[in-house]
Amino acid sequence: HIITFSPHFLFIMHPDAMTLLIPQCPLSSWMLFKNKCFLFKGKSNEFRANWSYARSWCREQGGDLAVIDNQYENGNYLRELHYPTWIGLSDLVEENQYAWSDGVSPVLYTNWNENEPNNAGGTNEGCVSMHASPVFHGTWNDTKCDQAKPYICKITFGTSHTD
Ligand SMILES: [Ca+2]
Ligand SMILES: [Ca+2]
């Protein structure tokens with residue numbers, strides 16, 4: 001018997017009074033990966049946005065831009081990566097101090113491409129995207145925040161975003 005429903009967990013009361021917690025993503029378009037739901041927005045060219053808009057959009061869904069914590073997780077996104085794609089990392093708050101846009105996740109892992117981050121051409125590149133080209137596939141690049149790109153949102157279980 002289903003007794004209650006929350007955005008992220010389905011609570012089921014087993015006949016033997018054993019309660020099961022089954023992680024649920026908010027909509028079927030979100031995919032469950034370990035303790036996160038993620039949504040790849042714009043992968044088929046239908047929609048692209050600058051980094052700030054992308055972050056706002058993800059927050060409106062109750063999440064934030066993607067946080068990537070390890071190589072395994074980074075690899076999980078690559079199957080759908082066809083164009084340089086925003087993730088939640090930036091150095092907008094303090095130059096050269098890269099932080100995740102949810103404001104709480106520590107930077108546990110980075111996958112910079114060779115010679116990145118580089119503020120290319122002496123410009124202030126502040127937002128991070130994943131390369132989609134065959135050669136640099138899945139590596140990270142600091143780039144200009146006002147470029148329109150696909151993006152990845154995440155919702156992490158056990159946290160809620162308050163802004
Ligand atoms: Ca920078
Ligand atoms: Ca760069």
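The values are calculated or read from the model by the stated rules, or taken from the named source; none is laboratory data. Keep in mind that what you see is a predicted model, and the values were worked out from it rather than measured. Here the Cβ positions follow ideal geometry from the backbone for every residue, glycine too, while neighbour counts run over all protein chains shown.
If you go through the range 85-97 and pick out every residue that is surrounded by 19 or more Cβ atoms within 10 Å (Cβ to Cβ) and within 13 Å of ligand 2 (Cβ to nearest atom), you end up with 2.
Residue-by-condition table, conditions (1) without any contact (Cβ under 8 Å) to a residue 12 or more places away in the chain; (2) away from ligand 2 (no atom under 15 Å from the Cβ); (3) touching an Asp or Glu at 6+ places or on another chain (Cβ under 7 Å):
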{"site": "Val67", "(1), (2), (3)": "no, yes, yes"}
{"site": "Glu73", "(1), (2), (3)": "no, yes, no"}
{"site": "Leu78", "(1), (2), (3)": "no, yes, no"}
{"site": "Ala99", "(1), (2), (3)": "yes, yes, no"}
{"site": "Leu108", "(1), (2), (3)": "no, yes, yes"}
{"site": "Gly121", "(1), (2), (3)": "yes, no, no"}
{"site": "Thr139", "(1), (2), (3)": "no, no, no"}
{"site": "Asp142", "(1), (2), (3)": "no, no, yes"}
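Which of the residues spanning the range 26-51 are under 19 Å from Val128 (Cβ atoms) and assigned to a loop (DSSP other than H, G, I, E, B)?
Our first condition is that a residue be under 19 Å from Val128 (Cβ atoms); within the range 26-51, this holds for 36, 38-43, 48-51.
Answer for the range 26-51, where residues must be under 19 Å from Val128 (Cβ atoms) and assigned to a loop (DSSP other than H, G, I, E, B): Gly42, Lys43, Arg48, Asn50.
Of the set (1) in contact with a Cys (Cβ under 8 Å, 6 or more places away or on another chain); (2) loosely packed, with under 15 Cβ neighbours inside 10 Å, all apply to Gly63 but (2).
Looking only at the range 132-145, decide whether some residue is within 14 Å of ligand 1 (Cβ to nearest atom) and either assigned to a loop (DSSP other than H, G, I, E, B) or closer than 16 Å to Phe38 by Cβ (or both). Please lay out each step first, then the result.
Just the residues of the range 132-145 that are within 14 Å of ligand 1 (Cβ to nearest atom), to begin with: 140-145.
The next check asks that each one be either assigned to a loop (DSSP other than H, G, I, E, B) or closer than 16 Å to Phe38 by Cβ (or both); those that pass are 144-145.
Among the residues of the range 132-145, at least one is within 14 Å of ligand 1 (Cβ to nearest atom) and either assigned to a loop (DSSP other than H, G, I, E, B) or closer than 16 Å to Phe38 by Cβ (or both), which makes the answer yes.
Only residues that are in a loop (DSSP other than H, G, I, E, B), under 22 Å from the mean Cα position of the chain (by Cα) and more than 12 Å from ligand 1 (Cβ to nearest atom) were counted in the range 115-131, giving 1.
I'd like the residue in the range 123-137 that is modelled with pLDDT of 90 or more and of a type outside the set (Gly, Ala, Ser) and, out of all such residues, is nearest to ligand 2 (Cβ to nearest atom). Explain how you work it out, then say what you get.
Going residue by residue through the range 123-137, those that are modelled with pLDDT of 90 or more are 125-132.
So of that shortlist, the ones also of a type outside the set (Gly, Ala, Ser) come out as 125, 127-128, 130-131.
On the way: Glu125: 5, Cys127: 10, Val128: 9, Met130: 12, His131: 10 Å.
Here the residue is Glu125.
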